[in-house]
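The values are calculated or read from the model by the stated rules, or taken from the named source; none is laboratory data. Predicted model, so just to flag it, every value in this text is computed and none were measured. We place every Cβ from the backbone using ideal geometry, glycine too, and count neighbours over all the protein chains shown. Heavy atoms of the whole protein, side chains included, go into the accessibility calculation; ligands, DNA and RNA do not. Shrake-Rupley method; radii C 1.70, N 1.55, O 1.52, S 1.80 Å.
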Amino acid sequence: MKTGIIGLPQVGKTSLFRILTKAHLSDQAYANPREAHIGVAKVPDDRLDRLAALYNPRKLTHASVEYVDVGAIGQEALKESAYIGHLRNVDALAHVVRAFEDPSIPHVGPVDPLRDIKNVDFDLMVSDLGQIEKRLERLEKDLKKMKTPELEKEFELLKKANAHLGTEKPLREMVMTPEDKKRLRGFMFLSEKPIFYVLNIGESTELGKELEEAVSKYKAARDFVICGRGECDVAGISDGGGGTVTK
Ligand SMILES: Nc1nc2c(ncn2[C@@H]2O[C@H](COP(=O)(O)OP(=O)(O)OP(=O)(O)O)[C@@H](O)[C@H]2O)c(=O)[nH]1
Ligand SMILES: [Mg+2]
């Protein structure tokens, strides 16, 4: 399982990556937003730890998740083949969204997590649209030379995906048969990947209050976790359950 950490410039992606993977990056790596970082995090599991305490095994293997800190996202970055290659290869996306106020860290306009979520989602969809258009052109030519049922099905499906994206909805929200899903698999579309949002609310002396506020404000925005600086005091909310998990 590989998760790509994405987000606008300077929102805390590399900070989150370091917390999750406990990676010791050199200052140079930290400073270079164009370089992807790859690391592995163990999934904490209380039951496993309790069993280990009981049986004291020689070897203990936790499940792990691989994280890729791909660098800041944007239309330009999405045109770079190395960047897009990293992104296409992940199974899920963690979108870090800036929710902390700090005048010394630049941000595009005022801090507005919902706007940023929308904009980055949009960038992912534009990238998919470009890929679809290219493939449709190619298919059109091929179909003129020779019609096969498989090519025709792919053509129809991509037309449908094209129209779906045209309504500004990500491909993960398109209703598809398992066969169609399979047909699209090779494209590794970005807006088809499962995504969750990491709200970076920064350090706070009133973390409890900030968490509560952020939860009530953004609950409607789908799945998200909340992250502070220094440690990942994370609240996990899924399926609108609203439970708080501290990792
Ligand atoms: N005040 C405050 N600053 C933060 C927080 N998280 C990160 N920063 C600072 O914001 C700056 C950017 O953090 P990074 O983790 O490098 O952000 P990034 O998204 O990886 O940035 P790029 O890779 O350049 O796009 C650094 O100076 C961090 O110290 C936070 O929660 N609060
Ligand atoms: Mg970074």
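Restricting attention to segment 1-34, which residues are among the charged types (D, E, K, R), part of a helix (DSSP H, G or I) and at pLDDT 80 or above? Correct list: 13, 18. Got a number for residues in segment 60-74 being at pLDDT below 85 and either under 23 Å from residue 107 (Cα atoms) or assigned to a loop (DSSP other than H, G, I, E, B) (or both)? Total meeting the criteria: 4. If you filter segment 1-18 down to residues that are surrounded by fewer than 23 Cβ atoms within 10 Å (Cβ to Cβ) and closer than 16 Å to residue 88 by Cβ, you find that the one that is farthest from ligand 1 (Cβ to nearest atom) is 1. Is there a residue in segment 49-72 that is surrounded by 14 or more Cβ atoms within 10 Å (Cβ to Cβ), among the small types (Gly, Ala, Ser) and within 16 Å of ligand 2 (Cβ to nearest atom)? Yes; the residues of segment 49-72 include at least one that is surrounded by 14 or more Cβ atoms within 10 Å (Cβ to Cβ), among the small types (Gly, Ala, Ser) and within 16 Å of ligand 2 (Cβ to nearest atom). One residue stands out among those in segment 32-48 that are open to solvent by less than 80 Å² (accessible area, probe 1.4 Å) and more than 15 Å from ligand 1 (Cβ to nearest atom): the one that is nearest to residue 15 (Cα to Cα), which is 41. Of 128, 116, all but one fail to be within 16 Å of ligand 1 (Cβ to nearest atom), under 20 Å from the mean Cα position of the chain (by Cα) and at pLDDT 90 or above; the exception is 116.
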